[in-house]
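One structure is given here, and the rest of the page talks about it.
Read the figures in this text as sums done on the coordinates, not as results from a lab. The model shown is predicted, which means the values in this text are computed figures rather than measured ones. We place every Cβ from the backbone using ideal geometry, glycine too, and count neighbours over all the protein chains shown.
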Amino acid sequence: MANSISLWVFLYAFWFLLSGHTEPLLLGFGAVSCTLVVYIAHRMDVIDHEGHPSHLSLKILPYWAWLSWEIVKANIDVAKVILSPKLPISPVMFKTKANQKRELGQVIYANSITLTPGTVTVNLEDGILEVHALTIQGAKDVLSGEMDRRVCQVKGEMEGKY
Amino acid sequence: MYIAAVVAILIAIALGLVRASLGPTIYDRILAVNKIGTLTVLLIAVHGFLAGRPEFLDIALVYALINFIGTIAVLKYFSFKDLGHDGRDSNEAHKEDA
Amino acid sequence: MIEMILTGLSWFFILLGSAIILIGAIGVIRLPDVFTRSHAAGMIDTMGAGMLLIGLMFQSDGFNLVLVKLVMIGLALFFTSPVSSHALVRAAMADGAKPLLKEGVELEGALKDEGDKSY
């Protein structure tokens, strides 16, 4: 029930930001739409902690800032590779371990690897990631474990919650 | 300034069309189409500013979501040859093949 | 004065984003197979789109709904782009596409294919 109410509040805020209307009639229509959506989501039984990650702590914001800087650096590396006339690619494929205990942490880690240009997660099974990297340097950056450690820190607070 | 961005996006879309028609595999084409979709989102957003009508951003937002769902739907169709597939049996079959 | 700085920053970010988009498009043409091409497409999805949207944010005249919508477009791309590129690469892999790999590379710390259950 608490999840449903917070989902409704979130949806209503989202509706208001998108529409920007303040007339009472339209605000009422928005409330009716949000109630309908929450009712349908309740019937579909998708209102659980996964569809509604309110347990993600605010620690993810500094992680996103760090990730953005990593993305900028990786972009510059990939741009250099693409623009150099000899096309010095050395694609490698390797497996590495995700040290996060919960699935959500592993998914955050895998998505961060994919989001960084130059490395793509091909498979994630039982905490083992299969990664394709454009250059050996990119592969070494993943294997250095810096990102893994930071994702563990983000998730550290909620480990053992369920 | 907006014109420069629009020209860059249009050139990139043209290069994406070249990749989509060259192929060679179906996945190259899907990649090119996904990329063209992302570029279209940006083109709509920039065009909204160019024309002085920021309402275009709503369309860009909707297009971003449609682009994502479309890519996933096409990939699912070509992986399982069935959009209603739950994705389990065929995965097991792939593992046994490999 | 402040407006000049904002316009300059806006110019910088929009031109940088356009350059990244062009480089990514060239990469999609130049690189040899679907796995390496997905890296070039990732450039467009992350930094190209991000820089262009940041450049547009400087043009939105302060904090208003236009800025909020630009942030929403950025977040939508930020969350959907890794999912779709992972789905694409995984589907290509499941279909039996073999990536071009550089031979004879030993990576420290990577898990071996079979038999290495030391984790």
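Rounded to the nearest 10 degrees, the angle from helix A:103-115 to the longest Cα principal axis of chain A is 60 degrees.
FRET efficiency for the B:L22 to B:I59 pair, using the beta carbon distance and R₀ = 22 Å, is estimated at 0.15.
Taken along its principal axes, the alpha carbon cloud of segment A:60-156 reaches lengths of 44, 27, 17 Å, longest axis first.
Can you flag which of A:K59/B:K35; A:K95/C:K98; A:K59/A:K101; A:K73/C:K98; A:K80/C:K102 are past 21 Å Cα-Cα? Those over the limit are A:K59/B:K35; A:K73/C:K98. Over all alpha-carbon pairs of chain A, lay out the pair-distance distribution in 10 Å bins, whole %, shortest bin first. Over chain A, the share of Cα pairs per 10 Å bin runs 9, 28, 25, 21, 13, 4, 0 percent. Dipole magnitude for segment B:2-97: computed about the Cα centre from +1 point charges on Lys and Arg Cβ and -1 point charges on Asp and Glu Cβ, it is near 360 debye. In this simple spin-label approximation, A:K59 and C:K98 carry label points 7 Å from Cα along the Cα→Cβ vector, and these lie 4.4 nm apart.
Rounded to whole numbers, the Karplus 3J(HN,Hα) couplings from phi for segment C:88-95 are 5, 5, 5, 5, 4, 5, 5, 7 Hz, using 6.51 cos²θ - 1.76 cosθ + 1.60 with θ = phi - 60°, and x at Gly and Pro.
Helices in chain B that qualify as membrane-span-like (whole DSSP H runs, Cα extent of at least 27 Å along the helix axis, mean Kyte-Doolittle hydropathy of 0.0 or higher) are B:2-22, B:26-50, B:56-80.
In the protein assembly as shown, a dipole from Cβ-located charges (positive for Lys and Arg, negative for Asp and Glu) runs towards its positive end, and of C:L75, A:A79, C:G8 it is C:G8 whose Cα lies farthest in that direction. Dipole check for segment C:2-94: with +1 at the C-beta of Lys and Arg, -1 at the C-beta of Asp and Glu, and the Cα centre as origin, the magnitude is about 280 Debye. Binning the C-alpha pair distances of segment C:2-94 at 10 Å intervals from 0 yields a P(r) profile of 17, 38, 28, 13, 3, 0 %, listed from the shortest bin outward.
For the pair C:V83 and A:F29, label points projected 7 Å from Cα toward Cβ lie 2.8 nm apart. For segment B:2-97, the fraction of alpha-carbon pairs lying more than 17 Å apart is 61 percent, rounded to a whole number.
The charge dipole of the protein assembly as shown, taken about the Cα centre with unit charges on the Cβ atoms of Lys, Arg (+1) and Asp, Glu (-1), comes to about 620 debye, rounded to the nearest 20.
Which is farthest toward the positive dipole end of the protein assembly as shown among B:S79, A:I136, A:N99, measuring Cα position about the Cα centre, with Cβ charges +1 (Lys, Arg) and -1 (Asp, Glu)? Result: A:I136, furthest along the dipole toward the positive end. The rule of thumb for compact globular proteins, 2.2 N^0.38 Å, goes into the C-alpha radius of gyration of segment A:2-44 1.14 times.
Highest mobility in the GNM of chain A, judged by mean-square fluctuation with C-alpha springs under 10 Å and restricted to A:I40, A:I113, A:I76, is found for A:I40. Toward the positive end of the charge dipole of the protein assembly as shown, about the Cα centre and with charges on Cβ (Lys, Arg +1; Asp, Glu -1), which of A:W69, B:L61, A:L36 goes farthest? Toward the positive end, the furthest listed residue is A:W69. How much of the pair distance distribution for the protein assembly as shown lies past 35 Å, counting alpha-carbon pairs only, in percent? Cα-Cα pairs of the protein assembly as shown separated by over 35 Å account for 29 percent.
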